[in-house]
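Peer 1: Below you will find the structure I want to go over with you.
The values are calculated or read from the model by the stated rules, or taken from the named source; none is laboratory data. A quick note: this is a predicted structure, and the numbers were derived from the prediction, not measured. We place every Cβ from the backbone using ideal geometry, glycine too, and count neighbours over all the protein chains shown. Accessible surface is based on the protein model in full, side chains and every heavy atom, while ligands, DNA and RNA are left aside. Shrake-Rupley method; radii C 1.70, N 1.55, O 1.52, S 1.80 Å.
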Amino acid sequence: MFRIVARLLWLGSVLLTSACATQAQDPLGRALAQQPALRQVLQNADEYRLQIVLGTVETDGSGNSYLKQYQYRVSNEYFYPASSVKLFAAVAAAETIERPGKQSGAELTLDTPLVVHPLFDDDVLEDRDESNIDGATITVRQQIRKIFLVSDNQAYNTLYELAGQDGIARSMQAVGLSGSRIVHRLSEFRTPAENRHYPRIDFVGPEIIHTLPERSSDPLPPLQGISRLRVGQKYFANGELHHEAMDFSEKNYVPLTELQRGLCKLVKPTLDCGGGPAFALTEDARDTMLEAMSQYPRQSRNPLYRAAEFPDDYVKEMLPGIARVIPREYVRIYNKTGQAYGFSIENAWVEDIRTGRGFFLAATLYTNSNGTLNDDQYDYDTIARPFMEALGEAVAKELWVRKQ
């Protein structure tokens, strides 16, 4: 009996030592363990559907740089990606306007004005963007800037209609992001069939120089192998309360690892981000996205935003926490957040501009203590935002302070 107990104690010590050694080699594990402000969510990670991916830039024996991803609780569990998908619509739309020129001779740019024709009964002709102080025209560049500066939903919908869900899928699959499914507009309810139908879009100069006709795309494959697709206990739809979980099987989906790899392929196109090449973007398109992603709304000269309405952390929720580690003026964040149905998502490349050191950090959690969706009673300000701040602080301390 004594030998059995001794053997069990020895085995336990070996397993504990092994676990500690593994954690000691994992900067994400160390960061999470050393930040008390994260404890409430970490202790209830299943309830919060918490997933985190930390990405660092490493160099192999041949001198090649690559993305290394450290994961916490990352699985096939569903989370709603909300506005984080706008990054991929922006990329696909920019790639789309390159193709007509090759096919028809039309010279299209990010600044070519667009006219979007009515598609549904409640639509109107769209030929003006009052936010554009350069002529009030609708342009791909302006929609991209609005997407990244303040996460504008209508700007996303315009680019979604320009690229189509099939165009977004092709763009992502071409760079090895094959587990994702972006299939609907935002803040505009349409049926699945309607979301596969796109309006006529004219590119205009003194006259129409190119037209994308009204068109439809075939359905993308349904989600497979994804767990917990039903969320909450009740939900509102069309003013009516439904006493059951909400089904997300026909909603957008992007795995957290792919979300981070997609950002990597945009921000660091020469880095091996895994799965395939970088996006097929012109230098102008990529620079436009990076500028808008890294600016604060108050820094934008077109469109213009008031700091009182759009503070620096409006779409950069980790900023206050990271600014507790290094002065805010030295922090540059390239990111795309999302927030809807109780889910909060951050997907960022965070850089210390003094040293050029940086890290990728993607995270998602679900905060909805009353279990009801579409009632606008989510725990964003009390749980989600403080968690994102603390997470950014913890990782910045681990990689920029303790590592030294």
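Yes/no matrix, rows are residues, columns are (1) crowded, with 23+ Cβ neighbours inside 10 Å; (2) in a loop (DSSP other than H, G, I, E, B); (3) in contact with an Asp or Glu (Cβ under 8 Å, 6 or more places away or on another chain); (4) at pLDDT 95 or above:
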site: Ile133; (1), (2), (3), (4): no, yes, no, yes
site: Ala163; (1), (2), (3), (4): yes, no, yes, yes
site: Ile168; (1), (2), (3), (4): yes, no, no, yes
site: Pro206; (1), (2), (3), (4): no, yes, no, no
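Peer 1: Aliphatic (A, V, I, L, M) and open to solvent by 10 Å² or more (accessible area, probe 1.4 Å), is that true of Leu119? Spell out how you get there, then give the answer.
Peer 2: On the way: aliphatic (A, V, I, L, M): yes; open to solvent by 10 Å² or more (accessible area, probe 1.4 Å): yes.
Yes; evaluated as a whole, the condition is true for this residue.
Peer 1: Still on this structure, I have one more. Exactly one of (1) closer than 22 Å to Lys265 by Cα; (2) over 16 Å from the mean Cα position of the chain (by Cα) is unmet by Val183. Its number?
Peer 2: (2)
Peer 1: Among the residues of the range 208-245, which ones are exposed (fewer than 13 other Cβ atoms within 10 Å of the Cβ), of a type in the set (A, V, I, L, M, F, W, C) and within 19 Å of Tyr78 (Cβ to Cβ)?
Peer 2: Ala237
Peer 1: Of the residues that make up the range 289-304, is at least one in contact (Cβ under 8 Å) with a residue 40 or more places away in the chain and aromatic (Phe, Trp, Tyr)?
Peer 2: Scanning the range 289-304 turns up no residue that is in contact (Cβ under 8 Å) with a residue 40 or more places away in the chain and aromatic (Phe, Trp, Tyr).
Peer 1: Restricting the search to the range 217-234, which residues are in contact with a Lys or Arg (Cβ under 9 Å, 6 or more places away or on another chain) and within 15 Å of Arg181 (Cβ to Cβ)? Show your work before the answer.
Peer 2: The first filter runs over the range 217-234 and keeps only residues in contact with a Lys or Arg (Cβ under 9 Å, 6 or more places away or on another chain), leaving 217-223, 228-229, 231.
Matches in the range 217-234: Ser217, Asp218, Pro219, Leu220, Pro221, Pro222, Leu223, Leu229.
Peer 1: Next question, about the same structure. For residues that are within 14 Å of Ile138 (Cβ to Cβ) and open to solvent by less than 50 Å² (accessible area, probe 1.4 Å), tally how many sit in the range 189-204.
Peer 2: 5
Peer 1: Right, another one. Looking at (1) more than 21 Å from Pro255 (Cα to Cα); (2) open to solvent by 20 Å² or more (accessible area, probe 1.4 Å); (3) assigned to a loop (DSSP other than H, G, I, E, B), which one does Gly276 not meet, given that it meets all the others?
Peer 2: Condition (1) is where Gly276 drops out.
Peer 1: Give the residues of the range 290-305 that are in a loop (DSSP other than H, G, I, E, B), surrounded by 15 or more Cβ atoms within 10 Å (Cβ to Cβ) and in contact with a helix residue (DSSP H, G or I) (Cβ under 8 Å, 6 or more places away or on another chain), sorted by residue number.
Peer 2: Gln295, Ser300, Pro303, Tyr305
Peer 1: Is the range 253-264 home to any residue that is of a type outside the set (D, E, K, R), under 20 Å from Glu346 (Cα atoms) and in a loop (DSSP other than H, G, I, E, B)?
Peer 2: Taking the range 253-264 as the starting set, the residues that turn out to be of a type outside the set (D, E, K, R) are 253-257, 259-260, 262-264.
Narrowing further to those that are under 20 Å from Glu346 (Cα atoms): 253-257, 259-260, 262-264.
Okay, now just the ones that are also in a loop (DSSP other than H, G, I, E, B), so 254-255.
So far as the range 253-264 goes, yes, one or more of its residues are of a type outside the set (D, E, K, R), under 20 Å from Glu346 (Cα atoms) and in a loop (DSSP other than H, G, I, E, B).
Peer 1: Here's another thing I want to ask about it. Within the range 384-404, count every residue that is aliphatic (A, V, I, L, M) and surrounded by fewer than 19 Cβ atoms within 10 Å (Cβ to Cβ). If you could, list the steps in order and put the result at the bottom.
Peer 2: Within the range 384-404, the subset aliphatic (A, V, I, L, M) is 384, 388, 390-391, 394-396, 399, 401.
Right, trim to surrounded by fewer than 19 Cβ atoms within 10 Å (Cβ to Cβ) and you get 401.
Matching residues across the range 384-404 total 1.
Peer 1: Just to be sure I understand, how many residues within the range 342-358 are crowded, with 20+ Cβ neighbours inside 10 Å and either among the hydrophobic types (A, V, I, L, M, F, W, C) or farther than 22 Å from Leu32 by Cα (or both)?
Peer 2: Adding up the residues that qualify gives 6.
Peer 1: Please name all residue pairs, on different chains or six or more residues apart, with Cβ atoms under 9 Å, provided the first residue is in the range 24-35 and is open to solvent by less than 20 Å² (accessible area, probe 1.4 Å) and the second residue is at pLDDT below 95.
Peer 2: Cβ pairs passing all conditions: Pro27/Arg402; Pro27/Lys403; Gly29/Thr22; Gly29/Gln23; Ala31/Arg402.
Peer 1: Next question, about the same structure. Specify which of the listed residues (Asp287, Asp312) is among the charged types (D, E, K, R), more than 21 Å from Val85 (Cβ to Cβ) and open to solvent by less than 30 Å² (accessible area, probe 1.4 Å).
Peer 2: Selected residue: Asp312, the only one of Asp287, Asp312 that is among the charged types (D, E, K, R), more than 21 Å from Val85 (Cβ to Cβ) and open to solvent by less than 30 Å² (accessible area, probe 1.4 Å).
Peer 1: Restrict the check to the range 246-258 and report whether at least one residue is surrounded by fewer than 18 Cβ atoms within 10 Å (Cβ to Cβ), modelled with pLDDT of 95 or more and in contact with a strand residue (DSSP E or B) (Cβ under 6 Å, 6 or more places away or on another chain).
Peer 2: yes
Peer 1: What number of residues within the range 170-188 are outside any loop (DSSP other than H, G, I, E, B), open to solvent by less than 20 Å² (accessible area, probe 1.4 Å) and of a type in the set (A, V, I, L, M)? So that I can check it myself, show each step before the final result.
Peer 2: As a first pass, look at the range 170-188 and keep what is outside any loop (DSSP other than H, G, I, E, B): 170-174, 181.
Checking the rest, the ones that are also open to solvent by less than 20 Å² (accessible area, probe 1.4 Å) come to 171-172.
Subsequent filtering for residues that are of a type in the set (A, V, I, L, M) retains 172.
Summing the residues that are outside any loop (DSSP other than H, G, I, E, B), open to solvent by less than 20 Å² (accessible area, probe 1.4 Å) and of a type in the set (A, V, I, L, M) in the range 170-188 gives 1.
Peer 1: Which residues, counting only those in the range 180-207, are in contact with a strand residue (DSSP E or B) (Cβ under 6 Å, 6 or more places away or on another chain) and either free of Cβ contacts under 8 Å to residues at least 12 places away in the same chain or charged (D, E, K, R) (or both)?
Peer 2: Answer for the range 180-207, where residues must be in contact with a strand residue (DSSP E or B) (Cβ under 6 Å, 6 or more places away or on another chain) and either free of Cβ contacts under 8 Å to residues at least 12 places away in the same chain or charged (D, E, K, R) (or both): Arg181, Arg196, Asp202.
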